[in-house]
Amino acid sequence: MDKSWMHSDRRSKAYEFGVEAFLNFAVENLLTTTHIRCPCVKCVNLKLFGVGIIRDHVYFNGIDQSYNNWTFHGEPWEATTNASRNVEEDDGHSRYSFVSEEIDMDDNDFGDFGSDPYEFANVIGDGDQPVYPSCRKYTKLSALVKLYNLKAKHGMSDVCFTELLILQGDLLPEGNTIPTSMYEAKKTLCALGLSYEKMHACPNDCILYRKECEDSTNCPTCGISRWKEGKDSILKEGVPAKVVWNFPPIPRFKRMFQSHETAKSLTWHAARKSIDGQMSHPADSPSWKLLDDKWPEFGDEPRNLRLALSSDGFNPHSSLSSRYSCWPVILVTYNLPPWLCMKRKFMMLTLLISGSKQPGNDIDVYLEPLIDDLKSLWVGIRGVYDAHNGEYFTLRAALMWTINDFPAYGNLSGCVVKGYKACPICGDDTPSHRLKNGHKICYIGHRKWLPINHPYRRQRAAFNGKPEYGIPPEPLTGEEVLHMVENGDRVCWKKKSIFFDLEYWKYLPVRHALDVMHIEKNVCDSIIGTLLEIPGKNKDGIAARLDLLNMGVKTDLQPEYGGRRTRLPPGPWNLSRAEKREVCNSFHGMKVPKGYSSNIKNLVSLQDSRLLGLKSHDCHTLMQQLLPVAIRSVLEKPARYAITRLCFFFNAICAKTVDVSKLDKLEEDVVVTLCLLKKYFPPSFFDIMVHLVVHLVREVRLCGPVYFRWMYPFERYMKVLKGYVQNRTRPEGCIAERYIAEEAVEFCTQHLSDVSTVGVPSRQKMGVSKPLSGCTVSVVDQDLLNQAHLYVLENTEEVLPYIEYV
């Protein structure tokens, strides 16, 4: 058949006649007019449409000119033996170039089961087979993707999934193509997935066996063997002592642009309309605009990616082992809309560091492959195909900051996170004080951030017995930090971070973000533990009272020693037994909407008057809404007022849209709040987590809304990775295999209709037809309804400008 029309002008008669001849050929061979693979340059034979839609696509997008052998439309394979795997060339193109060129895949883009284009093409061809001979709704591939979707969405085990496949095969007519085991299903899907690389590492975290050390058998730093030592102290040659799993990000970024919808979403930040004075996305932040201004060629291309990195350890064995620590390194893409960028589908696993201990400060060794990829992405990756615009472009990417809890913050940044210089932003000027009796460091110098003429600066007795004339320390720039670590400053810095190998890293205003989730949880634990006197979390005690006495503050609260016991006079932070019981009863009786939080009632122990087992999100809901309600009738008014102000601060800072004009006032208020807490709480209360609260507004001002930079989505994703583990002796291998299988499922769902994705959950429809359980419906008169309406209007931000105007 003449195929020269494929290279003709789409407006010519030759092209028109050629399209009609191709469609007639496809219909005659496939015996269908509704389920035909579209050969246009955007669909590349991965989507099924009717004849009319295919005709439109071929005219508007153009036909894939490398599709020389119409194998998906009834033309037989070219003469070649499948065993030899010799790819014949036709006009300089492989007969599978429709896979490797238009989709822009290289050797790293195929899974372990599909290391060459034959495997990939065979899977696509096999996937077009019906589930059983007379089935018209499902193909083998679409059915398998839907089944695996259910497995991933509901956490189905491999054994359960295998039994489900066997049952499906028995229920369907004879001749069905459903796989009979999890292994066969995974083998089919992994041919569509991307690869990973296993790299050997020194057990002492000295090096990775790559580049010049690739063939070494002993670590050049510590001399320990590369191979694992058996129980009989004999080295098992060929079995590595430690393995790092590397998932190259560059081919995964390429695949993101091969999806029409995803490629369109990656330029959402440039197409949206921003509101002056409002920040609802990192694209509104000064950090984003700094990259645009300093490197205009980078900012002019909206498809260039802005990334964030997160890493934390988790125990894949649940409660079976308390020492094992597996560390994933995850990338997120900020180009996407807010409702997508922090979702599971777009969280990219790049490294998986195996246990059994955490890497600590040596994590830089394991980040070397990722840093090399980030360097390449900054220079540019040529030949990336954009399915939305139908063109090739050069992809670049920049890492904006890292997101970690505070210990991991120190590991990645190289700064000290405990002791006298524990604040990475204050540095040498950290306002620290050692408590003689408590044997710990407290951070109580927050009056430095007050205006110079504020009355709190001159007060002595309520604070540390001294006036405050200091000024707040200036945060160090990246260039200053780099100069300090290169010149051997080891007071505040333990090492030079590997991220400084990135050309742009030293110019970023915020390189490592403080995690509001862990800060809020630790502050909440300190408040609840002190108010309810929970052992292990209570900041009050004999040592705390003696420290107050040494500082000359609240001397009336010093311990009163008796014959058998020591009595502590009640302080402003102490509750009586009746008040503790009242607070616990208040929490116990709270009812919240479905999905708002966990059941607070289950966290309350009325017998002991305590809150037990608080998780991070429980502390979040307490600090945001519930704690001010529970303490409204207890405590002295000044202490209650200070706690309520702190709760209101966390509520304001976690807003999804930030009003820039209110940040200065918010920063002033939080400093006053911390000073009020210092007046009514013991100095042992003010650990480093309480001190870091003073810097949160600065990061919001520079980086945008908090919910793009906290650990909640990453912690949830680590729970997903933890659920991948089925073989307890090989947890990282389970995670790697399940991850690339899910990648393949996500890839297929973009090209199959009526298949929901796993990584972006569907919105749950909340029922409003009935009230919460335990509630009663009452009818109010019109006057009371008008009063409630007026109250709502007067407390709504959108209405305030009109009220002020009137």
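Here the calculated FRET efficiency for LEU167 and ASN389, from their Cβ-Cβ distance with R0 = 45 Å, stands at 0.50, rounded to the nearest 0.05. State, as an integer percentage, the relative contact order of the chain based on alpha-carbon contacts under 8 Å between residues 6 or more apart. For the chain, the relative contact order is 12 percent.
Across all Cα pairs in the chain, the calculated P(r) in 20 Å bins from zero up to the longest distance comes to 13, 40, 33, 12, 2, 0 percent per bin.
The calculated FRET efficiency for the pair ASP56 and GLU184, based on their C-beta separation and a Förster distance of 41 Å, comes to about 0.65. Length available on full extension from VAL792 to LYS357: 0.36 nm per residue minus the Cα-Cα distance, which gives 151.2 nm.
Summary of packing: across the peptides 666-675, 444-453, 154-163, the per-residue average of other C-beta atoms within 10 Å ranks them, highest first, as 666-675, 444-453, 154-163. Taking 0.36 nm per residue of sequence separation and removing the Cα-Cα distance, the ALA270/LEU785 pair yields an extension gain of 180.9 nm. Put simply, when 784-791, 338-345, 464-471 are sorted by average Cβ atoms within 10 angstrom per residue, most first, you get 338-345, 464-471, 784-791. Each peptide among 138-145, 47-54, 434-441 gets the average number of other Cβ atoms lying within 10 Å of its residues, and from highest to lowest they stand as 138-145, 47-54, 434-441.
Dividing the summed helix terms, -39500 (n - 2.57) for each DSSP H run of n ≥ 4, by the number of residues in the chain produces a 222 nm estimate of -11000 deg cm²/dmol to the nearest 500.
Principal-axis analysis of the Cα atoms of the chain puts helix 117-127 at an angle of about 90° to the longest axis. Cross-link partners of LYS440 among aspartates and glutamates, defined as those whose alpha carbon lies under 15 angstrom from its own and excluding same-chain residues fewer than eight positions apart: ASP540, ASP547, ASP687. In a fully extended conformation the segment linking ALA655 and VAL760 would gain 35.6 nm over its present Cα-Cα distance, using 0.36 nm per residue. Of all aspartates and glutamates in the structure, those lying under 13 Å Cα to Cα from LYS47, and not within fewer than 8 positions of it along the same chain, are ASP128, ASP754. Strictly over 20 Å apart at the Cα level, which of LYS554/LYS679; LYS345/LYS722; LYS146/LYS345; LYS289/LYS521 would you flag in this model? The answer is LYS289/LYS521.
If you take all other residues with their beta carbon under 10 Å from the beta carbon of GLY478, and give Lys and Arg +1 and Asp and Glu -1, the sum is 0. Enter the angle in degrees (range 0 to 90, nearest 10) between the Cα long axis of helix 782-794 and the first principal axis of the Cα atoms of the chain, meaning the one along which they spread out most. Result, in degrees: 80. What number comes out for the charge environment of SER684, summing +1 per Lys or Arg and -1 per Asp or Glu over other residues with Cβ under 12 Å away? Summing Lys and Arg as +1 and Asp and Glu as -1 gives +4. Other residues within the sphere of radius under 15 Å centred on the Cβ of LEU568, judged by their own Cβ, net out at +2 (K and R +1, D and E -1). In the range 248-404, the ratio of gyration radius to Kirkwood radius, Rg to Rh, stands at 1.01 when only Cα atoms are counted. I'd like the distance separating the alpha-carbon centroids of the range 366-431 and the range 586-626, in whole Å. Taking the Cα centre of each part, the range 366-431 and the range 586-626 sit 36 Å apart. Measuring nothing but alpha carbons in the range 419-515 and taking Rh as the Kirkwood radius, the Rg to Rh ratio lands at 1.06. Each of SER356, SER4 was scored by other Cβ atoms within 10 Å of its Cβ. Listed from fewest to most, they are SER4, SER356. Between the beta carbons of ILE234 and HIS439, assuming R0 = 51 Å, the FRET efficiency works out to 0.60 to the nearest 0.05. Apply the Karplus parameterisation 6.51 cos²θ - 1.76 cosθ + 1.60, with θ equal to phi minus 60°, to every residue of the range 235-241 and state each ³J(HN,Hα) to the nearest whole Hz, in sequence, with x for glycine and proline. Per residue, the Karplus-derived 3J(HN,Hα) values read 5, 8, 5, x, 9, x, 6 Hz.
Contact order for the range 472-589, expressed relative to its length and based on alpha carbon pairs under 8 Å spaced 6+ residues apart, stands at 15 percent.
Computed from the coordinates by the stated procedures, all read-outs in this text should not be read as laboratory data. Since this is a predicted model, take the numbers as computed values, not measurements. When we count neighbours, we look across all protein chains shown, and the Cβ atoms used for this are built from the backbone with ideal geometry, even at glycine.
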